[in-house]
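A.B. asks: Structure in structure tokens, see below.
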């Protein structure tokens, strides 16, 4: 395969050399065997992606790197042949040779994206990345957990060793059948849906239709709600307003009760304003969608509850398990992957289902925060969970956003301004441009008009912060 050679500046070289080896970055010397490098590539692909540089010597004490690349492209053939066979150039793997004008050889830059499938190194083992460590997945249990994380297997289809009557004769299944499928009987319908197999219910069947799923799957499907009277990063026993509330029951009831309870706790929370205590308001649809998303898409193989924490300045929703398949915090609003497809599908059959817009939940939450003038939710992937924060922090005004953009860019057009400011109307942005133009903070770029109209810094731009 043909690999591009890109010349970089001395500044760009320095930025590479002073990076620290970590969860998303690794550097290898020329002498490291291609098989060893393949382990790092597989680990990045199986975890969260990352970048790898071959041709860097590491100072183990300082933790920094020095540049010592291949003398030419042919010198890297042994590496390229291995990578081409295991990790072919394409959407998930990109290879580029980096060169310096002053010499020093070619460093091979490998960009790895999180992949949908499990990638194996030359030794036929998969690897995962944990901080700066590359860890072999060598036991059946670890491989099964990786399959769950990747979405290649799903815990919701596992059979639970309990009597089928827990789902065939429950109050929940009878109420569901009466409202949704009154012409069928529970047991044959459950078998048809593949949530009753060999006379035993699956995890999905227990979660949806057992009256007390938490008794059948202890520590795998509860929701805990906390109220901390602090703005600190971590709540403590001293700042806990009351004992944590535990929300249980079949999934449909559990989601609705968790949303209702969280909303009540939030409404009772106060923040210190200029003169008195003030209410802290969040859009109800944002709370609803984030909790629903956490319950539906969590990894049920992980023995932990969903944790909802209400602080003075934010709400946190933490769901067990890492993001599945190729989903990352960067593409989560654009990509779709249902870890628990059966739960998503059958829950949507309920009257007034919590997942009304399948696949659009987080997008709805983001839009709801924008409409209320609050900053969008923050999504963080942790070692074994996903944390979503909705903060009570106001967005910058559209005027501030436009002027901040011009700090780094030559000009701005209407379309770009609408996207940055989350303002849908073309006319609204035009009005903002006019106000800024009247104050001489911006001016029209000569030669631009109608759809191509652009604005740049005005005569008084530099005085705006004084």
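Rule-based calculations on the coordinates, nothing more; no lab input. This one's a predicted model, so the numbers in the text were calculated from it and none came from an experiment. As a convention, Cβ positions derive from the backbone with ideal geometry for all residues, glycine included, and neighbour counts pool all protein chains shown.
A.B. asks: If a/c stays under 1.5 just call it rounded; otherwise compare a/b with b/c (prolate if a/b is bigger, oblate if not). Do that for the chain, with a ≥ b ≥ c from the square roots of the Cα gyration tensor eigenvalues. Could you put the intermediate results ahead of the total?
C.D. replies: Values: a/c = 2.05, a/b = 1.17, b/c = 1.74.
Oblate.
A.B. asks: Right, next: How high is the relative contact order of the chain, given as a whole-number percent (alpha carbon pairs under 8 Å, six or more residues apart)?
C.D. replies: In percent, rounded to a whole number, it is 10.
A.B. asks: So, by mean Cβ neighbours within 10 angstrom, what's the order for 92-105, 397-410 with the highest one leading? Could you put the intermediate results ahead of the total?
C.D. replies: Values: 92-105: 16.0, 397-410: 14.4.
By packing density, highest mean first, the sequence is 92-105, 397-410.
A.B. asks: Which shape class, rounded, prolate or oblate, goes with segment 223-391 when its Cα gyration tensor gives a ≥ b ≥ c as root eigenvalues, a/c under 1.5 marks rounded, and past that a/b bigger than b/c marks prolate?
C.D. replies: On the way: a/c = 1.58, a/b = 1.48, b/c = 1.07.
The shape class here is prolate.
A.B. asks: Which of the three applies to segment 190-304, rounded, prolate or oblate, going by the alpha-carbon gyration tensor with a ≥ b ≥ c and a/c under 1.5 meaning rounded? Before the final figure, lay out each step's value.
C.D. replies: Numbers: a/c = 3.30, a/b = 2.34, b/c = 1.41.
It is prolate, given that a/c is not under 1.5 and a/b is the larger ratio.
A.B. asks: Order these peptides, 335-347, 235-247, 159-171, by their mean beta-carbon neighbour count within 10 angstrom, highest first. Walk me through the intermediate numbers first.
C.D. replies: Details: 335-347: 18.4, 235-247: 13.0, 159-171: 16.8.
Top of the packing list down: 335-347, 159-171, 235-247.
A.B. asks: Could you grab the relative contact order for segment 223-391? Cα pairs under 8 Å, six or more apart, rounded to a whole percent.
C.D. replies: Numbers: 276 pairs, mean separation 40.6, N = 169.
Once normalised by length, the contact order is 24 percent.
A.B. asks: Something else: Using 7 Å Cα-to-Cβ label points, what is the residue 78/residue 31 separation (nm, one decimal)?
C.D. replies: So the two model labels end up 1.2 nm from each other.
A.B. asks: Same structure, new question: What is the packing order of peptides 304-312, 63-71, taking the mean over residues of other C-beta atoms within 10 Å and listing the highest first? Let's see the in-between values first.
C.D. replies: Working: 304-312: 21.7, 63-71: 16.3.
The most tightly packed comes first, giving 304-312, 63-71.
A.B. asks: Helix-only mean residue ellipticity at 222 nm, the chain, DSSP H runs n ≥ 4 weighted -39,500 (n - 2.57), per residue, nearest 500. What is it?
C.D. replies: Rounded to the nearest 500, the figure is -9500 deg cm²/dmol.
A.B. asks: With a point put 7 Å past each Cα toward its Cβ, work out how far residue 336 is from residue 409 in nm, to one decimal.
C.D. replies: Placing both labels 7 Å along Cα→Cβ, they lie 2.9 nm apart.
A.B. asks: For segment 155-216, what relative contact order do you get, as a whole percent, if you take Cα pairs closer than 8 Å and at least 6 residues apart?
C.D. replies: Numbers: 75 pairs, mean separation 31.3, N = 62.
Relative contact order comes out at 51 percent.
A.B. asks: Another question, then. How much of the DSSP bridge set in segment 4-138 is antiparallel, in percent, rounded to the nearest 5? Numbers along the way, then the final one.
C.D. replies: On the way: 21 of 30 bridges.
Of the beta bridges lying entirely in segment 4-138, close to 70 percent run antiparallel.
A.B. asks: Would you mind pulling out the separation of the Cα centroids of segment 29-66 and segment 203-246, in Å?
C.D. replies: 40 Å
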